[in-house]
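Report on the following structure.
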Amino acid sequence: MSITVNGLDELKKLAGSDLGTSEWIEITQERINTFADATGDHQWIHVDPQKAAEGPFGAPIAHGYLTLSLFIPLFTELLDVQGVTTKVNYGLNKVRFPSPVKVGSRIRLVGRLAEVEEVPGGVQITVDGTIEIEGGAKPAAVLQSLSRFYA
C-alpha cells in the first residue's frame, strides 16, 4: 500500500520512516530478452535458456541492471508525492547485487526513507532499498537511491 504525501513539508516529516513493501513482480524470460534488446547485452547467461541451464546458476538470470531498473516502478508503489512540479532520479550512492535473479523468480522492494534534505527549489530524499527474491536467502539488490522533488 502506497503512502501519499502532499507537498514537500509532508515529505520532510517522513524522514527516517519505513515505507513498507511493494507487491511481487515476476521476472520472465520475455522481460529479460526485452532488456537485452534495449541494452545490447545478449550474454548467454541471460538470453539462452538451454545453455544457461547448464551454467553456474542452472537457469537464465536477469541482468543486474534490469533488477536495478525495476526499483522505480516498485518504489512508486511505496511512496506517492503529490503537490510537486518535478520528480527527478538524482542517482545512487551504493548498489550491490548479492544474489542472481533466476527467470521465473518474483521480486519485491522493501524501502526506508533514510533522509530528506533541502536543495535549492526542493528536497532530496535518500531511500535505502532492498530488492528481495521470494524464498531467497539473500536479496537480489541492496541500494541507496537519491531522488529530488521540486515545488
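The values are calculated or read from the model by the stated rules, or taken from the named source; none is laboratory data. Please read these numbers as outputs of a predicted model, since none were measured by experiment. When we count neighbours, we look across all protein chains shown, and the Cβ atoms used for this are built from the backbone with ideal geometry, even at glycine. Remember, those area values only see protein heavy atoms, side chains included, never the ligands or the DNA or RNA. Shrake-Rupley method; radii C 1.70, N 1.55, O 1.52, S 1.80 Å.
Structure notes:
- When we screen Val95, Val88, Val101, Val116 for residues that are over 26 Å from Ala36 (Cα atoms) and either of a type outside the set (A, V, I, L, M) or in contact with a strand residue (DSSP E or B) (Cβ under 9 Å, 6 or more places away or on another chain) (or both), the only hit is Val116.
- Subset of region 18-40 (residues that are farther than 14 Å from Ser105 by Cβ and surrounded by 14 or more Cβ atoms within 10 Å (Cβ to Cβ)): Leu19, Gly20, Thr21, Ser22, Asn33, Phe35, Ala36
- Of all residues making up region 64-86, the number that are exposed (fewer than 14 other Cβ atoms within 10 Å of the Cβ) and assigned to a strand (DSSP E or B): 3
- Conditions (1) closer than 24 Å to Gln124 by Cβ; (2) open to solvent by less than 30 Å² (accessible area, probe 1.4 Å); (3) out of contact with any Phe, Trp or Tyr (no Cβ under 9 Å at 6 or more places or on another chain); (4) not basic (Lys, Arg); number of the one not met by Ile61: (1)
- Within region 18-35, the set of residues being assigned to a helix (DSSP H, G or I) and of a type outside the set (Lys, Arg) comprises Gln29, Glu30, Ile32, Asn33, Thr34, Phe35.
- Unmet requirement for Ala141, which otherwise passes all of (1) open to solvent by 20 Å² or more (accessible area, probe 1.4 Å); (2) in contact with a helix residue (DSSP H, G or I) (Cβ under 9 Å, 6 or more places away or on another chain); (3) within 25 Å of Gly64 (Cβ to Cβ): (1)
- Test result for His46, touching a Phe, Trp or Tyr at 6+ places or on another chain (Cβ under 7 Å) and surrounded by 12 or more Cβ atoms within 10 Å (Cβ to Cβ): no
- Restricting attention to region 129-138, the residues being open to solvent by 50 Å² or more (accessible area, probe 1.4 Å) and either at negative phi or in contact with a helix residue (DSSP H, G or I) (Cβ under 6 Å, 6 or more places away or on another chain) (or both) number 4.
- Only listed residue being part of a helix (DSSP H, G or I) and of a type in the set (Gly, Ala, Ser), chosen from Ala15, Ala38: Ala38
- So Ser105, is it in contact with an Asp or Glu (Cβ under 9 Å, 6 or more places away or on another chain), modelled with pLDDT of 95 or more and closer than 30 Å to Trp44 by Cα: yes
- For region 49-61, a residue qualifies if it is in contact with a strand residue (DSSP E or B) (Cβ under 8 Å, 6 or more places away or on another chain) and part of a loop (DSSP other than H, G, I, E, B), and the qualifying residues are Phe57, Gly58, Ala59, Pro60.
- On the stretch given as region 92-106, residues that are over 12 Å from Gly64 (Cβ atoms) and not in a loop (DSSP other than H, G, I, E, B) total 5.
- Residue among Gly104, Gly122, Gly111 that is open to solvent by less than 70 Å² (accessible area, probe 1.4 Å) and touching a Lys or Arg at 6+ places or on another chain (Cβ under 7 Å): Gly122
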